[in-house]
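Each remark here refers to the structure printed beneath this line.
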Amino acid sequence: SQQGEEDPQALSIQEGENATMNCSYKTSINNLQWYRQNSGRGLVHLILIRSNEREKHSGRLRVTLDTSKKSSSLLITASRAADTASYFCATDKAGSYQLTFGKGTKLSVIP
Amino acid sequence: ETGVTQSPTHLIKTRGQQVTLRCSSQSGHNTVSWYQQALGQGPQFIFQYYREEENGRGNFPPRFSGLQFPNYSSELNVNALELDDSALYLCASSSKGQGVRQTQYFGPGTRLLVL
């Protein structure tokens, strides 16, 4: 079953704009991660945020986590055409290495 | 590149047949997880292997089975294939026993089509 729900399902922006994707989940978590997937191929790990963290940065990526609302957001700043991909959030629980994914947000960055 | 490899890249089978998919984990990783990703969906956890034993299983029937070898590579076997088994199968490797480390590194996947 899907734990997370990404919002929006699809997003289309111009190159240089910022892209924000949201993820909501249902049960308590240990960590939340964001992955990128190009054209139905393998998943690339972007960033991990632990349940006791509120915000994390990595290059042009900014992730926030609000455990009280069971939600996270991924911000990609100054987007590039190469950022075009599907983005998934994935959660895990304490003591388990199983990742539970949402359905993803399909991002299109128009040059 | 994650260092995780999968074979074959594509496969076509007919209903009722059996299939074996293979995965080589990233160097230094001792845990392999398998996921099924249907078109337009997020990956769904099938099972995980750690030190050659199944170490957690998702909501998949027993006809989905696996193996992990001493070199930590892994196989996913699916018997009595059904049309709904058509999907991208992803394996992911990680390193258990090193504290809180949940980052899983995914291979490129095997796309299975069942006719």
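Where a number appears in this text, it was derived from the coordinates with a stated rule and is not lab data. Quantities reported herein were computed from a predicted structural model and do not represent experimental measurements. Here the Cβ is made from the backbone with ideal geometry for all residues, glycine too, and neighbour counts use every protein chain on show.
The table that follows gives values for the structure above.
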item	result
Cut-off 9 Å between beta-carbons: net charge of the residues surrounding B:Leu81, Lys and Arg +1, Asp and Glu -1	+1
Point-charge dipole on Cβ atoms (K/R +1, D/E -1) for the stretch B:16-115, about Cα centre, debye to 20	280
Those lysines that a straight Cα-Cα span of less than 21 Å connects to A:Lys69, excepting residues fewer than 8 apart in one chain	A:Lys26, A:Lys56, A:Lys93, A:Lys103
Note, ³J(HN,Hα) from phi for the stretch A:93-110, Karplus 6.51, -1.76, 1.60, rounded to Hz, x at Gly and Pro	9, 4, x, 10, 9, 6, 9, 10, 9, x, 8, x, 10, 8, 9, 10, 10, 8
At R0 = 30 Å, FRET efficiency that the Cβ-Cβ distance of A:Thr64 and B:Lys96 yields, to 0.05	0.60
The stretch B:1-49 shape via C-alpha gyration tensor axes, a/c threshold 1.5	prolate
DSSP bridge orientation in chain A - percent antiparallel, rounded to nearest 5	90
Relative contact order computed over chain B (Cα-Cα under 8 Å; 6+ residues apart), in percent	37
Spacing of the two label points (7 Å from each Cα toward its C-beta) at B:Glu53 and B:Gln41, in nm	3.0
Where labels lie 7 Å past Cα in the beta-carbon direction, separation of B:Phe69 and A:Glu17 in nm	4.9
Sites B:Glu82 and A:Glu53, calculated FRET efficiency, Cβ-Cβ separation with R0 41 Å, nearest 0.05	0.50
Estimated FRET transfer efficiency when R0 is 41 angstrom, pair B:Lys13-A:Gln9 (beta carbons, to 0.05)	0.85
Sorted peptide list for A:96-105, B:80-89, criterion being average Cβ within 10 angstrom, highest first	A:96-105, B:80-89
Environment charge at A:Ser39 (Cβ cut-off 13 Å; Lys +1, Arg +1, Asp -1, Glu -1)	+4
Shape category assigned to the protein assembly as shown from the gyration tensor of Cα positions, a/c cut at 1.5	prolate
Cα gyration tensor shape for chain B, rounded if a/c is under 1.5, else prolate or oblate	prolate
